[in-house]
Structures are given as C-alpha cells and as structure tokens.
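The structure appears right after this line, and notes come after that.
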Amino acid sequence: MLRARVQELESEQRRVRADDPMRPVSTTLVQLSRSRAIDAGDLEPAFREITEAAAATLGIERVGIWLFDETRSAIHCQDLFERGERRHSSGAVLAASDFPRYFETLQSNRTVAAHDAAADERTSEFTQPYLEPLGIGSLLDAPIRLGGTLVGIVCHEHVGPPRRWSSEDQAFAGSIADCVALALQASKRNRAQEAVRRSERRLRQIIDLVPHMIFAKDIDGRFLLANQAVADAYGTTVEALTQSTHHEVHRDGPEVAGMLADDRAVLERGQPLFIPHESFTDANGRVRHLQTTKIPFTESGTNEPAMLGVAVDITEQRKSEQRQTLMVRELDHRVKNNLMAIMSIAEQTIAASDSLEQFQDSFNGRLRALAVAHEILAQTRWEGAGFDKIVERLTQPYRRPDRSRFELVGTGVMLPTPVAPVLSMVVHELLVNSAKYGALSDPGGTVRIAWSLPPDDGDGRVLQLQWSEHDGPPVMPPTHRGFGTDLIERMIAYQLHGSARLSYPPSGARCELTVPLPPPEDRG
C-alpha cells in the first residue's frame, strides 16, 4: 500500500513540476516504506519514526498519532512529537462528543486541510480548548483507515499564523496515514500470529501429555497433526512426521493399506469408526496391537475433509488375553467405552467452545473427573467405587480451609464399575456450573450434597442424590441449554436409565437424581 502510494505520488510530482520541488516528500516516503519498525508492527518506534519524519518534511512543530478506543467514544494520543523540543509524549484524550462536526468530517474525507483552523467550521470546535492554548494556526489531519474503517487520525499541526496547505502537502499527509495503517496492520497480523502460536503450543502440550497416539490425516493420507506418541512409534520427530504421507513413514504396505482404507471409510460415510484391534509394526520392528477410534472433521481454513484418530496401545492387554480371556474381555469393553466417551466428550466440547482455551479447560476438567473415578476403581481392582470418596475428591479444589463450604450427607454407597465414571462426570458438571454461575461463584456460598440408598423394595437398589446451593448470587433459569446440562441429563437417562431434575429457584440451583444400581455381580 505505502510503496504503491510512493510511486503514485512521484508520478504526480513529475507531471506537475519538472524540477521535482517535492523531492523531500518522495525521499521521506521511500525511507518509511523501508522501515523495519513499520514492517514488523513495532508500534512505539514506528510511530516515533513516522511523526519525526512528517514534522521534518512539512516543516511543522507538532505531529500526533491518535487512535480510537474500543468504544469509539474518544481518541487517545499514541505519540505526539514536538519538533522544537525534540520531545515525544502520549496519553492525551479527546472525547468525540465534544467535537461532533470534526469527527463527522473525518468519515468521508481523505484529509482535512484547515488552512485557518480557528475559522474553518470543521475544526473551529478546537479553538478554545486546543488551538489557542498551543498557538496552532493550521491543521492538516488525515484519517487512518483499516479495511475501510476509521481507526484514528494523524494530526499535522502548524504553530504560528495560518498556513495554506498545498495539494502536495495534503497528498503527503494521506500517505503518512497510510504508513500508520501499515504499522497497525503489521501489529495486528503479528498479534494474531502470536495468538495462533500460543494456541498451537497449548494444544501441543495437551496432546503430548496423552500417552495414546493422537493424529489427524487428510484425504490423501498426509499427517496434519501427530503427538509425540505417534512420532515415537514411527521412529521420527513430530516435525518430520507432520505433512508426511503414511506411506513415507510406514514401511509395511499391507498395514498402511488397511489403515488408509479405514480412513477412507470414515471420510466417505462421515461417521466415527471404532476399530477394536489392528496390528501395527513400529520403527523397531515390534508388532503392537492397537484399539483405534476415528472420527471425521473438516480441516480449519480449507474446509477439506479430514480424519481425527486416537489409538491406544493394547499390546500388553493382548498378551494378558492369552492367559485370562475373561479379564481381557472386560478390559476391552472398558477401554472401548472410555475411548468412545472421551471422543464424544471431545467432539461435543469442541462444538460448545468458542476458543482453544475454553476447550482446554472444559475438556481437561471432564477428563480429570473420569480419572478420579478410574483411580478409585483401580484401588478396588474394579470391583466398585465408594460414592463418598468420589464426592470428597471432586469437591477438594472448591473447599475453604475450614471445610465449611460443603455439607456432605450420605452413607457409604459402593457404585458398580459402569456407574462410577458417569456419576463422577455428573458431579463435576454440577461443581463447574456452580463455580461459574451459582453458590461457588460467591465466597459465602455453600453447597449441600446428600445421598442415600433406600432399602430394596423389590425393584432393585436406587441411589437418590439431592444437590442444593445456598447463600450464592440470585439464580435465574438459564436462557439456553448448555452442554453441561445436556451431559447431565443424557448420561443419567441413557447410560444409567435414571432421572435427573434440575431447577433454578432464586435461593440457589437444585438437582435431584435417581439412579438404579445394577446388582453387585453385574459389572457390565
């Protein structure tokens, strides 16, 4: 933009005056077009360079760069250069409501050339509060625009009697505004790129902590994403693996053909695919056994179809299967359910998240809730989990030092293996919702969690849970259903065949759950 403007101005000057009297203008713009600070979007040195160059070229005392705030109700001085004092300052603020004619003029003009600023109706509003105290006789202001939107102004201020601005002066002022716009664009681009890099680093940290293989491939079998576990399996680095095709990193042709066939099936059908067992020969020639889940998605930025997969190494489980068939069958069932649950949670959390940070917080929290249940189940060799232990662990991060924030009322209830992870997720969602909107969002708020297991009346054991919040902010029913509410109701209804009733009286949110418990010998 700036270089094109330099060429345009130079051509215009050659046509108007053969002796090129505005050579300093051309020189200044060429120098600014080569500025590293402007090109890099390093705003403070870029603005200083621009204001000093403009003041010297036009032979004026003051040049300032002003930008609108987020509300567009005022402009803030980012850099004001006073040539005589060789001084830079910033921080002054002018409210747009105090100078309505001036700000209306800026919307439709390339420049505002006020030869006699006090007499010009476009700038006369500034006379008493600004022009007279500073001795400013003439103003040459150029709006700064980004994408057609007015974002600020470059003010060229002549101290002394009125001065007539030439057409070349006005063209130069417009080009100076373009310089500022160029620096702002570069800064915005750099901030966006840095945000992307930070997001990528966070995502990389997350997926590299997962011991399972996480990967994404396009329709041609090219890796778009891979975590460290995948790179280790192929005996290479994450950087080398990304953008490589499956054939380039995997020497076993039949294995590759089978994996790519599964990829194509996912993309063609547009549906998730669970592969309970596939063989994979790693870089060391070791045959590994995997359980893999693949789901379709659309690659960001290209809208091209792609596939996201999670593969769990079950080699040790396969060996155990040879010794204890029943144990491995149960383990296979649990891993399958957990993988599908994780993929489902991930997919729905992605759909409900506005940013990577929000996805990271929500997804990690739900995984931790599952991990709590699994850890307690592991302590009993998957015979069951005490509900009181699950509640104790999940409420720990929200407690006060004196433990007075929660009232936990209930007897020891042993949850069967299929029930424990689901109820752990439900309690986690209730805690998160309360911390965001309910009693736990207020330092004085409390939560009562009561559960009981009434005597079997012939229809089987039924766990009853009452959640009630107190002393928090006034509660209003939500205007839309969030993923957390859907998760609670779906998991209770469809996975546990129970019921969930959520209510929102002003005194605090309520939740009542009824969950039938399978007999102890049924560990499905």
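The values are calculated or read from the model by the stated rules, or taken from the named source; none is laboratory data. Small disclaimer: the values here were computed from a predicted structure and weren't measured. Virtual Cβ from ideal backbone geometry, glycine too; neighbours counted across all protein chains shown.
All of Glu157, Glu85, Glu70 fail the test of being under 32 Å from the mean Cα position of the chain (by Cα) and either acidic (Asp, Glu) or outside the structural domain of Leu43 (by TED's automatic domain parsing) (or both), apart from Glu70.
Answer yes or no as to whether Leu106 is more than 38 Å from the chain's Cα centre (by Cα) and crowded, with 18+ Cβ neighbours inside 10 Å. When the stated conditions are applied, Leu106 does not pass them. Looking only at the range 109-127, residues that are more than 20 Å from Val151 (Cβ to Cβ) and either modelled with pLDDT under 90 or exposed (fewer than 14 other Cβ atoms within 10 Å of the Cβ) (or both) come to 2 in all.
Taking the numbered list (1) at pLDDT 90 or above; (2) closer than 12 Å to Ala216 by Cα in turn, Pro276 passes all entries but (2).
Scanning the range 377-394 for residues that are under 12 Å from Ser424 (Cβ atoms) and at pLDDT 80 or above yields Ala385, Gly386, Phe387, Lys389, Ile390, Val391, Glu392, Arg393, Leu394.
The residue pairs whose first member lies in the range 165-178 and is in the same structural domain as Phe47 (by TED's automatic domain parsing), whose second member is in a helix (DSSP H, G or I) and of a type in the set (Ser, Thr, Tyr), and whose beta carbons are closer than 7 Å, counting only pairs six or more residues apart or on different chains, are Phe172/Thr57.
Yes/no per residue for (1) touching a residue at least 24 places away in the same chain (Cβ under 8 Å); (2) surrounded by fewer than 18 Cβ atoms within 10 Å (Cβ to Cβ); (3) in a helix (DSSP H, G or I); (4) more than 34 Å from the chain's Cα centre (by Cα):
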{"residue": "Arg393", "(1), (2), (3), (4)": "no, no, yes, no"}
{"residue": "Val422", "(1), (2), (3), (4)": "yes, no, yes, no"}
{"residue": "Glu429", "(1), (2), (3), (4)": "yes, no, yes, no"}
{"residue": "Pro454", "(1), (2), (3), (4)": "no, yes, no, yes"}
{"residue": "Gln466", "(1), (2), (3), (4)": "yes, yes, no, yes"}
{"residue": "Arg490", "(1), (2), (3), (4)": "no, yes, yes, no"}
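Screening Asp120 against (1) assigned to a helix (DSSP H, G or I); (2) free of Cβ contacts under 8 Å to residues at least 40 places away in the same chain; (3) among the acidic types (Asp, Glu) leaves a single unmet condition, (1).
To keep it simple, each residue is scored yes or no on (1) over 24 Å from Ser434 (Cα atoms); (2) among the hydrophobic types (A, V, I, L, M, F, W, C); (3) surrounded by fewer than 12 Cβ atoms within 10 Å (Cβ to Cβ).
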| residue | (1), (2), (3) |
| --- | --- |
| Ala373 | no, yes, no |
| Arg381 | yes, no, yes |
| Gly384 | yes, no, no |
| Ile390 | no, yes, no |
| Pro401 | no, no, yes |
| Arg405 | no, no, no |
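Checking the condition assigned to a helix (DSSP H, G or I), in contact with a helix residue (DSSP H, G or I) (Cβ under 7 Å, 6 or more places away or on another chain) and closer than 18 Å to Val180 by Cα, which residue from Thr28, Thr51 passes? Testing whether each residue is assigned to a helix (DSSP H, G or I), in contact with a helix residue (DSSP H, G or I) (Cβ under 7 Å, 6 or more places away or on another chain) and closer than 18 Å to Val180 by Cα leaves just Thr28. The set of residues from the range 234-253 being modelled with pLDDT of 85 or more, in a helix (DSSP H, G or I) and more than 16 Å from Asp218 (Cα to Cα) comprises Tyr234, Val238, Glu239, Ala240. Where strands (runs of 3 or more DSSP E) sit wholly within the range 143-233, those with at least 3 residues that are under 30 Å from Pro133 (Cβ atoms) occupy 149-159. Go through the range 75-110 and give me each residue that's closer than 22 Å to Leu182 by Cα, among the hydrophobic types (A, V, I, L, M, F, W, C) and not in a helix (DSSP H, G or I). Hits for the range 75-110 are Ile75, Cys77, Leu80, Phe81. Output yes when any residue across the range 406-418 is assigned to a helix (DSSP H, G or I) and under 21 Å from Thr485 (Cα atoms), and no when none is. Among the residues of the range 406-418, not one is assigned to a helix (DSSP H, G or I) and under 21 Å from Thr485 (Cα atoms), which makes the answer no. Does Ser441 fit the bill of being surrounded by fewer than 18 Cβ atoms within 10 Å (Cβ to Cβ), within 22 Å of Met491 (Cβ to Cβ) and touching a Ser or Thr at 6+ places or on another chain (Cβ under 8 Å)? For Ser441, the condition - surrounded by fewer than 18 Cβ atoms within 10 Å (Cβ to Cβ), within 22 Å of Met491 (Cβ to Cβ) and touching a Ser or Thr at 6+ places or on another chain (Cβ under 8 Å) - is not met. Looking only at residues that are β-branched (Val, Ile, Thr) and over 15 Å from Gly91 (Cβ atoms) in the range 52-73, which one is surrounded by the fewest Cβ atoms within 10 Å (Cβ to Cβ)? Out of the qualifying residues, it is Thr71.
When Gly524 is tested against the conditions (1) surrounded by fewer than 19 Cβ atoms within 10 Å (Cβ to Cβ); (2) modelled with pLDDT of 90 or more; (3) within 14 Å of Leu415 (Cα to Cα), the lone failure is (2).
Which one is farthest from Glu321 (Cα to Cα) among residues in the range 266-305 that are of a type in the set (Asp, Glu) and in a loop (DSSP other than H, G, I, E, B)? Quick ask: steps written out before the conclusion?
Keep residues of the range 266-305 that are of a type in the set (Asp, Glu), which gives 268, 278, 282, 299, 304.
Going one step further and asking which of them are in a loop (DSSP other than H, G, I, E, B), we end up with 282, 299, 304.
Details: Asp282: 21, Glu299: 38, Glu304: 40 Å.
Among residues in the range 266-305 that are of a type in the set (Asp, Glu) and in a loop (DSSP other than H, G, I, E, B), the one farthest from Glu321 (Cα to Cα) is Glu304.
Within the range 128-165, the residues that satisfy the criterion of being at pLDDT below 95 and of a type in the set (S, T, N, Q) are Gln128, Thr149.
Scan the range 437-460 and tell me whether some residue there is of a type in the set (Lys, Arg), assigned by TED's automatic domain parsing to the domain that holds Ser507 and closer than 20 Å to Arg501 by Cβ.
For the range 437-460, residues of a type in the set (Lys, Arg), assigned by TED's automatic domain parsing to the domain that holds Ser507 and closer than 20 Å to Arg501 by Cβ: present.
Pairs meeting the criteria (first residue in the range 271-300 and within 17 Å of His246 (Cβ to Cβ), second residue part of a loop (DSSP other than H, G, I, E, B) and β-branched (Val, Ile, Thr), beta carbons under 7 Å, at least 6 apart or on different chains) are Leu290/Ile314. Annotation note: of Arg48, Arg15, the sole residue that is modelled with pLDDT under 95 and among the charged types (D, E, K, R) is Arg15.
Could you please find all residues in the range 253-280 being charged (D, E, K, R) and loosely packed, with under 15 Cβ neighbours inside 10 Å? The answer is Arg264, Glu268, Arg269.
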